[in-house]
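Worksheet: the structure to be examined is printed underneath.
The values are calculated or read from the model by the stated rules, or taken from the named source; none is laboratory data. This one's a predicted model, so the numbers in the text were calculated from it and none came from an experiment. FYI the Cβ positions are ideal-geometry reconstructions off the backbone, even for glycines, and counts take in every protein chain you see. Just so you know, the surface numbers come from the protein's heavy atoms only, side chains and all, with ligands and any DNA or RNA stripped out. Shrake-Rupley method; radii C 1.70, N 1.55, O 1.52, S 1.80 Å.
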Amino acid sequence: MTVPIAKLCFWGVRGSTPTVDPATWRYGGNTPCLELIAPDGMQFILDCGTGLRMLGSRWTAPSGGPTPETHIFVTHYHWDHIQGIPFFSPLYAEANEFHFYSFRSKFLGRDSLKQVFETQMALPYFPVDISAMSAKRKFKEVDGGESFTIGENKITARWLNHPQGCLGFRFETPAGIVVYATDNEPGEANLDESLRELASGADIFINDAQFTPEQLATARKGWGHSSWQEGVKVSRHAGAKTLVLFHHDPDSTDRMVDSILRQAREEFDSVFAASEGMVITLGAPGDRVQAHMPGTRTTLRREAQFHAKVSGVTEGGKEFEEETIVRDLSLQGALISLKHLPRLQSELQVTMEAPGADGMQSMRLRGYVVRIDAGTEKGHSAVGVVFTD
Ligand SMILES: [Zn+2]
Ligand SMILES: [Zn+2]
């Protein structure tokens, strides 16, 4: 018997508006879009931010169910959650079938999401009109509190506290539970309780972490967003196992998200900061939740051989220091063979011996762990780092 495994891919993690600033490159600048492949092969897309375009360009039709259809859940109609729709190429192919789920907005009335499609592509906002989209599209209205099943998966929707409304979704798959709760401001008792119920026992709880706790208490109060600290609170209360900080502020640089993640990890054991290209698998034997980062961001490698001393923190939270040889160096980072298993998204101090004009010189760099693979040497891991400064 095969073990049921679900796969969650992050195609867009930035809140409010896309960023192309190099200082936001590591976590990524595309707005919200996630893809969840359930063990039965069902494909779910959560939100249609600009990350949706990338998903479309790497498109493979889903394999689950009697007909290959994709189920797309739109949490609400703010720009950052819909602006990828006209740029999603699979919508222009007749063979594809999409089922859309979203709520009836009081500002739009019946067929709210269908209207959003038509309005986005109305003249003069887009070069072609909606008739160019030849894929089959079905729209279903979902209300907070509703539950239904798709394949082997149970989906529950709950209202979140956000201007003009937003839905949070819970996906119960045979491999585990994924809860997606972006765009939510804490402080409204009923909705706070509802979120804890939605997140109850989640294996992966993706939560709005746009602001710092200080911003949330002062200048950004009432903007409809949350903080890492609130995410930790809900995770503890709801018994969620892994917290994923999501919807990063467009003004948050990578260093700021690093600091937010560091603070959250001091308070809660299993936390990741959502990162474009990150893939989390759920239900694999051994580690129930495994995160991977993309290889594409650590390319441009050069063969090299530098003696290096590496110190950092292991997966289990212990400090380590070991000596190794860096064999693979790029403009942005390196692939380092280590006996210790550092934590993904943690910092390593890498001191390398490099030949300089006056003999060997030592170079101290700060590396940020973006990927961990099985190493070629026995008992070693190949650890990919990006040098941050
Ligand atoms: Zn948003
Ligand atoms: Zn919003």
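Quick notes
- In a residue-by-residue description of the range 148-166, the property of being crowded, with 24+ Cβ neighbours inside 10 Å, within 16 Å of ligand 1 (Cβ to nearest atom) and small (Gly, Ala, Ser) applies to no position.
- Residue in the range 176-183 that is of a type outside the set (Lys, Arg), closer than 25 Å to residue 99 by Cα, in contact with a Cys (Cβ under 7 Å, 6 or more places away or on another chain) and part of a loop (DSSP other than H, G, I, E, B) present: yes
- Within the range 221-243, considering residues that are within 16 Å of ligand 2 (Cβ to nearest atom) and in a loop (DSSP other than H, G, I, E, B), the one surrounded by the fewest Cβ atoms within 10 Å (Cβ to Cβ): 222
- Residue tally, condition surrounded by 12 or more Cβ atoms within 10 Å (Cβ to Cβ), assigned to a loop (DSSP other than H, G, I, E, B), of a type in the set (A, V, I, L, M) and more than 16 Å from ligand 2 (Cβ to nearest atom), over the range 87-121: 2
- Scope the range 180-216; condition away from ligand 1 (no atom under 16 Å from the Cβ) and closer than 14 Å to residue 247 by Cβ; matching residues: 205, 212
- The number of residues in the range 1-16 that are more than 16 Å from ligand 2 (Cβ to nearest atom) and touching a residue at least 40 places away in the same chain (Cβ under 8 Å) comes to 9.
- Residues of the range 247-262 that turn out to be open to solvent by 40 Å² or more (accessible area, probe 1.4 Å) and closer than 25 Å to residue 166 by Cβ, as a count: 2
- Candidate set: the range 180-196, residues that are away from ligand 2 (no atom under 15 Å from the Cβ) and more than 22 Å from the chain's Cα centre (by Cα); chosen: the one least open to solvent (accessible area, probe 1.4 Å): 194
- Residue 145 open to solvent by less than 60 Å² (accessible area, probe 1.4 Å) and free of Cβ contacts under 8 Å to residues at least 24 places away in the same chain: yes
- Test: residue in the range 209-220 that is of a type in the set (S, T, N, Q), open to solvent by 10 Å² or more (accessible area, probe 1.4 Å), in contact with a helix residue (DSSP H, G or I) (Cβ under 6 Å, 6 or more places away or on another chain) and free of Cβ contacts under 8 Å to residues at least 60 places away in the same chain: no
- In the range 216-237, the residues that are modelled with pLDDT of 95 or more and either under 17 Å from residue 272 (Cβ atoms) or charged (D, E, K, R) (or both): 226, 227, 228, 229, 230, 231, 232, 233, 234, 235, 236
- Those residues of the range 163-179 which are away from ligand 2 (no atom under 16 Å from the Cβ) and closer than 17 Å to residue 227 by Cα, in sequence order: 179
- In the set (1) more than 29 Å from residue 96 (Cα to Cα); (2) assigned to a helix (DSSP H, G or I), residue 205 fails one condition alone, (2).
- 2 or more residues away from ligand 1 (no atom under 16 Å from the Cβ) and open to solvent by less than 10 Å² (accessible area, probe 1.4 Å): qualifying strands (runs of 3 or more DSSP E) within the range 7-86: 43-46, 69-73
- Positions within the range 318-343 being without any contact (Cβ under 8 Å) to a residue 24 or more places away in the chain, surrounded by fewer than 18 Cβ atoms within 10 Å (Cβ to Cβ) and in contact with a Leu (Cβ under 9 Å, 6 or more places away or on another chain), in sequence order: 320, 322
- Each residue in the range 344-356 was checked for being without any contact (Cβ under 8 Å) to a residue 60 or more places away in the chain and closer than 14 Å to residue 316 by Cα, and 1 pass.
- Cβ-Cβ under 7 Å pairs, at least 6 apart or on other chains, the range 262-275 side more than 22 Å from residue 9 (Cα to Cα), far side open to solvent by less than 30 Å² (accessible area, probe 1.4 Å) and not aliphatic (A, V, I, L, M): 263/228; 268/235
- Some residue of the range 135-149 being farther than 26 Å from residue 165 by Cα and either assigned to a loop (DSSP other than H, G, I, E, B) or hydrophobic (A, V, I, L, M, F, W, C) (or both): yes
- Any hit, the range 360-381, residues being of a type in the set (Asp, Glu), assigned to a strand (DSSP E or B), more than 22 Å from residue 271 (Cα to Cα) and more than 27 Å from the chain's Cα centre (by Cα): no
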